[in-house]
Amino acid sequence: MPTAVATYLICHDRLKLSGLQATLIVTAVVFAVARPVAGVGIVTSSLVPPLAAALAAIWLGGHAIAAVAYVAGTIGTLVGADVLTMPRVRSLQAPMVSIGGAGTFDGVFLTGLAAVLLASR
């Protein structure tokens, strides 16, 4: 559902370059802090994605700071913590892998809250 909302915001608010740049920043930051933990999966701090998204949106957001924060935080967290860390999952030798685990879900949820706070300023 968050990805669907992010897609809507990209189209509705015409977040082209600023949305892409902010998403790439959040993706890089989240990928840098994500780490595999045996028995748990990929772990990332739940505060890093919303902080990175908020800072990137303030820096690059232009007319739609809240929308850029939400898109960058949602897509950047999912790509940085889940998609790009798939090669690291092999080191865990886990029989099953869950995309969007607890730390990732927390990051996406808190990104939404950060976007609301940015919208209200």
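Laboratory data are not the source of any read-out in this text; all were calculated from the coordinates shown. Since this is a predicted model, take the numbers as computed values, not measurements. A quick note on method: Cβ atoms are made from the backbone with ideal geometry, for glycine too, and the neighbour counts reach across all protein chains shown.
Computed from Cα atoms, the angle from the helix 2-12 axis to the main principal axis of the chain rounds to 30 degrees. Here's how it looks for residue 42: its modeled amide H is under 5 Å from those of 37, which are all 5 or more places away or on a different chain. Computed over the chain, relative contact order equals 35 percent, with contacts defined as Cα pairs under 8 Å that lie 6+ residues apart. Count Lys and Arg as plus one, Asp and Glu as minus one, and take only other residues whose Cβ is under 12 Å from that of residue 81; the net charge is then 0. Rg and Dmax of the chain, based on Cα coordinates, read 14.0, 46 Å.
Working from Cα positions, state the angle (0 to 90°, nearest 10) between the long axis of helix 65-78 and the longest principal axis of the chain. For helix 65-78, the angle is close to 10 degrees. Among 47, 78, 17, the largest mean-square fluctuation in a Gaussian network model of the chain, built with springs joining Cα atoms closer than 10 Å, belongs to 17.
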